[in-house]
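**Student:** Below you'll find the structure I mean.
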Amino acid sequence: MTRIAIAGFQHESNTFSAIPATWEKFERSGVLAGDAIRQRFADSESTLAGFLAIAEQVSGVHLEPLVFTRLTPMGALTSQAWRNIFDLILEALRTGGRWDGVLLALHGAAVAEDCDDPEGELIAAVRALVGPSVPIGVTLDMHANVSQRMVANADITTVYQTNPHVDARAQALRCATLLLDCIAGRVRPAQALAQPPLVVNILNQGTDEAPMAQLLARAAEHQRRQGVLSVSVIEGYPYADVADMGMSFLAITDDQPALAREIANDLAALAWSQRVALNQGGLSIEQALIAALACPRGPVVLFDVGDNVGGGSPGDGTLLLHAARQSGIGSVLQALRDAQAVQACQEAGLGGTVNLMVGGRQDSRHGAPVPVRGRVHALSNGRYEATGPTHGGFRFYDDGPSASVITDEGWGLVLSTLSSGTQSLEQFRHLGLEPADYRIIVAKGVHSPRPTVAPIARAMHWVATPGVTTADLSTFVYRHRRQPMYPFEADTRHP
Ligand SMILES: [Zn+2]
């Protein structure tokens with residue numbers, strides 16, 4: 001039997017957010033061990049599902065899921081949260097006996113208060129523990145800020161190659177397959193990472209459209225070459241102020257380090273040539289509402305880029321609601337994180353009338369609270385199941401106690417206790433609101449809502465709202481990123 005350990009943690013840390021990722025929040029989200037990992041993830045489209053699937057495809061493999069936890073993007077991990085996660089994973093690996101291989105399900109854009117590169121530190125510690133001859137396979141999110149240390153201490157690194165991320169399971173299965181090839185001695189992976197001084201703006205990260213689609217097509221060409229095991233285009237995560245922030249390109253060949261280097265550099269050069277297209281802006285709030293009203297029928301989806309929950313925003317931004325009120329638009333559907341408003345709805349009861357100030361509580365950049373009068377339409381525990389395709393392949397959601405309110409002007413508001421991105425239309429439907437009935441849907445996300453909203457949207461527009469995840473990166477003060485870097489220093493040069 002080939003014994004393979006599975007462990008990991010996933011967090012995308014927005015260092016411009018003031019909301020810390022504490023250990024209590026990870027615990028509430030679930031710090032899972034053993035069979036609980038299988039129960040939560042095996043029947044999904046996530047990374048862990050891909051790892052677990054290898055045992056069904058190849059005989060003689062024994063998988064041991066040890067520890068896994070993940071948390072909605074927000075600010076950096078507290079040092080205690082990071083220490084606990086690190087210790088749990090290392091301890092489980094240490095006491096688990098002798099391993100033939102290790103699979104780590106990571107994100108790649110975590111930051112802790114006292115560590116700029118948690119994934120790099122973890123992979124290095126796992127390497128030190130298992131020794132140089134036990135292969136380590138790592139999977140990363142496409143928003144990873146990849147460090148040389150992460151690559152140097154792993155044998156195989158695969159990365160989601162879709163945004164929205166709908167290939168998490170497939171990339172994990174590929175990682176596990178290559179790990180088995182490595183254990184059996186069929187391949188000797190050589191990894192190379194290229195990090196051009198370049199950011200791709202979140203508005204241009206969709207992998208189905210140019211310029212990202214061209215980069216992925218070139219990567220696929222390289223992937224077909226003799227001796228190439230894997231090629232990854234990595235978008236990076238601009239909301240983390242760390243040295244490795246930015247795009248990167250990773251190639252893995254079978255014992256041909258020069259070829260891996262050549263491929264990674266070629267992709268970096270192609271991205272560099274597209275740097276202007278990779279950094280185009282979005283619509284203003286006014287332009288977005290005009291565009292939405294110009295569409296003869298709804299729903300028109302407006303993506304609230306500055307309040308992108310999947311990027312670490314609080315999800316209680318009200319700027320589009322204020323603008324809709326000013327324009328007299330009555331058919332708007334939106335979710336807002338607002339524990340106080342949920343409580344007021346619970347007290348008023350089903351069908352009760354409420355006068356509320358909603359949203360705008362977490363961060364003034366996202367707009368002030370909006371006064372609304374309305375009727376409590378539904379109440380829930382905030383748990384729902386996504387039935388269609390989702391970003392990251394996740395299926396079960398828990399937004400904490402929630403309520404829906406229909407306001408006097410006709411808005412449908414979902415109010416939740418925890419931050420909730422629009423990853424599934426069940427976010428609205430489980431509270432009795434039908435998204436197809438609305439003229440405008442405000443989605444809290446940039447790419448992650450697309451798999452669920454696209455089938456019903458008559459049009460989709462990305463709105464360059466301010467906030468913790470604004471598309472206008474010039475509003476942030478960076479202290480740790482590399483300099484110079486495009487587009488921050490417009491005259492940046494790259495070989
Ligand atoms: Zn991502």
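**Student:** I'd like to know if segment 30-37 contains one or more residues that are among the charged types (D, E, K, R), surrounded by fewer than 20 Cβ atoms within 10 Å (Cβ to Cβ) and within 26 Å of GLY382 (Cα to Cα).
**Tutor:** Step one: of segment 30-37, the residues among the charged types (D, E, K, R) are 35.
Still in the list and also surrounded by fewer than 20 Cβ atoms within 10 Å (Cβ to Cβ): 35.
Okay, now just the ones that are also within 26 Å of GLY382 (Cα to Cα), so 35.
Looking for residues that are among the charged types (D, E, K, R), surrounded by fewer than 20 Cβ atoms within 10 Å (Cβ to Cβ) and within 26 Å of GLY382 (Cα to Cα), one finds at least one in segment 30-37, hence yes.
**Student:** Next question, about the same structure. For segment 209-221, how many residues are touching a helix residue (DSSP H, G or I) at 6+ places or on another chain (Cβ under 9 Å), free of Cβ contacts under 8 Å to residues at least 60 places away in the same chain and surrounded by fewer than 20 Cβ atoms within 10 Å (Cβ to Cβ)?
**Tutor:** Number satisfying all stated conditions: 1.
**Student:** Residue pairs, Cβ under 8 Å, 6 or more apart or interchain, first in segment 228-253 and under 24 Å from ARG188 (Cβ atoms) and outside the structural domain of PRO196 (by TED's automatic domain parsing), second within 14 Å of the ligand (Cβ to nearest atom) and modelled with pLDDT under 95. List them.
**Tutor:** Filtered contacts from segment 228-253: no entries.
**Student:** A further question on this structure: Might you let me know whether segment 46-63 holds any residue that is hydroxyl-bearing (Ser, Thr, Tyr), part of a helix (DSSP H, G or I) and closer than 26 Å to SER230 by Cβ? Working first, answer last.
**Tutor:** To start, the set of residues in segment 46-63 that are hydroxyl-bearing (Ser, Thr, Tyr) comprises 46-47, 59.
Still in the list and also part of a helix (DSSP H, G or I): 47.
Okay, now just the ones that are also closer than 26 Å to SER230 by Cβ, so 47.
Yes, some residue in segment 46-63 is hydroxyl-bearing (Ser, Thr, Tyr), part of a helix (DSSP H, G or I) and closer than 26 Å to SER230 by Cβ.
**Student:** Is it the case that THR422 is among the β-branched types (Val, Ile, Thr) and touching a helix residue (DSSP H, G or I) at 6+ places or on another chain (Cβ under 6 Å)? Step through it out loud before you land on a result.
**Tutor:** Numbers: among the β-branched types (Val, Ile, Thr): yes; touching a helix residue (DSSP H, G or I) at 6+ places or on another chain (Cβ under 6 Å): no.
Spelling it out, it is not the case that THR422 is among the β-branched types (Val, Ile, Thr) and touching a helix residue (DSSP H, G or I) at 6+ places or on another chain (Cβ under 6 Å).
**Student:** To continue, here is another question. Return the pairs, sorted by first residue and then second, in which the second residue is among the aromatic types (Phe, Trp, Tyr), the first residue lies in segment 25-36 and is on the phi < 0 side of the Ramachandran plot, the beta carbons are less than 6 Å apart, and the residues are 6+ apart or on different chains.
**Tutor:** Pairs that qualify, where the first residue is on the phi < 0 side of the Ramachandran plot and the partner is among the aromatic types (Phe, Trp, Tyr), are LEU32/PHE68.
**Student:** For segment 154-181, enumerate the residues that are away from the ligand (no atom under 16 Å from the Cβ) and either crowded, with 22+ Cβ neighbours inside 10 Å or aliphatic (A, V, I, L, M) (or both).
**Tutor:** To start, the set of residues in segment 154-181 that are away from the ligand (no atom under 16 Å from the Cβ) comprises 154-156, 173-181.
Those that are away from the ligand (no atom under 16 Å from the Cβ) and either crowded, with 22+ Cβ neighbours inside 10 Å or aliphatic (A, V, I, L, M) (or both): ALA154, ASP155, ILE156, LEU173, CYS175, ALA176, LEU178, LEU179, LEU180.
**Student:** Taking the stated definitions as given, is THR72 under 29 Å from ASP399 (Cα atoms), assigned by TED's automatic domain parsing to the domain that holds ASP181, among the polar types (S, T, N, Q) and within 16 Å of the ligand (Cβ to nearest atom)? Steps first, please.
**Tutor:** On the way: under 29 Å from ASP399 (Cα atoms): yes; assigned by TED's automatic domain parsing to the domain that holds ASP181: yes; among the polar types (S, T, N, Q): yes; within 16 Å of the ligand (Cβ to nearest atom): yes.
In short, yes.
**Student:** Among the numbered conditions (1) free of Cβ contacts under 8 Å to residues at least 60 places away in the same chain; (2) in a loop (DSSP other than H, G, I, E, B); (3) under 20 Å from the mean Cα position of the chain (by Cα), tell me where HIS107 comes up short.
**Tutor:** Every listed condition holds for HIS107 apart from (1).
**Student:** Could you say whether any residue in segment 245-268 is among the acidic types (Asp, Glu), in a helix (DSSP H, G or I) and farther than 20 Å from GLY206 by Cβ? Write out each step before concluding.
**Tutor:** To start, the set of residues in segment 245-268 that are among the acidic types (Asp, Glu) comprises 254-255, 262, 266.
Of the ones still in play, those that are also in a helix (DSSP H, G or I) are 262, 266.
Then drop every residue that is not farther than 20 Å from GLY206 by Cβ, which leaves 262, 266.
Yes: one or more hits.
**Student:** Also, quick follow-up: Output the qualifying pairs, or none if there are none: Cβ atoms under 6 angstrom, residues six or more apart or on different chains, first residue in segment 443-457 and over 20 Å from GLY312 (Cβ atoms), second residue not in a loop (DSSP other than H, G, I, E, B).
**Tutor:** Going by the 6 Å Cβ cut-off, the qualifying pairs are VAL453/VAL301; VAL453/ALA443; ILE456/ALA436; ALA457/VAL301.
**Student:** Let me ask something else. Tell me which of these ARG186 doesn't satisfy, since it passes every other one: (1) more than 16 Å from the ligand (Cβ to nearest atom); (2) assigned to a helix (DSSP H, G or I).
**Tutor:** It fails just one condition, (2).
**Student:** Of the residues that sit in segment 1-28 and are part of a helix (DSSP H, G or I) and charged (D, E, K, R), which one is nearest to PHE68 (Cα to Cα)? Step through it out loud before you land on a result.
**Tutor:** Applying the first criterion (part of a helix (DSSP H, G or I)) to segment 1-28 yields 23-28.
Now drop any that are not charged (D, E, K, R), which leaves 24-25, 27-28.
On the way: GLU24: 15, LYS25: 14, GLU27: 11, ARG28: 13 Å.
By that ranking, first place goes to GLU27.
**Student:** In addition: Output the residues belonging to segment 451-494 that are surrounded by 24 or more Cβ atoms within 10 Å (Cβ to Cβ) and either more than 16 Å from the ligand (Cβ to nearest atom) or not aliphatic (A, V, I, L, M) (or both). If you could, list the steps in order and put the result at the bottom.
**Tutor:** Narrowing segment 451-494 to residues surrounded by 24 or more Cβ atoms within 10 Å (Cβ to Cβ): 452, 463, 465, 467-471.
Within segment 451-494, THR452, VAL463, THR465, GLY467, THR469, THR470 meet the criteria.
**Student:** LEU193 versus (1) crowded, with 21+ Cβ neighbours inside 10 Å; (2) more than 16 Å from the ligand (Cβ to nearest atom); (3) at positive phi: which is the lone unmet condition?
**Tutor:** (3)
**Student:** Something else now. Among the candidates VAL354, VAL372, VAL358, single out the residue that is under 19 Å from ALA323 (Cβ atoms) and more than 30 Å from the chain's Cα centre (by Cα).
**Tutor:** Only one candidate qualifies: VAL372.
**Student:** Just one of the numbered conditions (1) farther than 21 Å from VAL61 by Cα; (2) more than 14 Å from the ligand (Cβ to nearest atom); (3) not in a helix (DSSP H, G or I) is not true of ARG98; which one?
**Tutor:** That leaves (1) as the condition not met.
**Student:** What are the residues in segment 371-392 that are at pLDDT 95 or above and surrounded by 16 or more Cβ atoms within 10 Å (Cβ to Cβ), if any?
**Tutor:** VAL372, GLY374, ARG375, VAL376, HIS377, ALA378, LEU379, SER380, GLY382, TYR384
**Student:** Out of all the residues in segment 124-149, which are more than 16 Å from the ligand (Cβ to nearest atom) and either within 20 Å of the chain's Cα centre (by Cα) or not in a helix (DSSP H, G or I) (or both)?
**Tutor:** Within segment 124-149, the first condition is being more than 16 Å from the ligand (Cβ to nearest atom), and the residues that meet it are 124-137, 147-149.
GLY131, PRO132, SER133, VAL134, PRO135, ILE136, GLY137, SER147, listed by residue number.
The values are calculated or read from the model by the stated rules, or taken from the named source; none is laboratory data. What you see is a predicted model, and the numbers here were worked out from it, not measured in a lab. Positions of Cβ are backbone-derived with ideal geometry, glycine not excepted, and every protein chain shown enters the neighbour counts.
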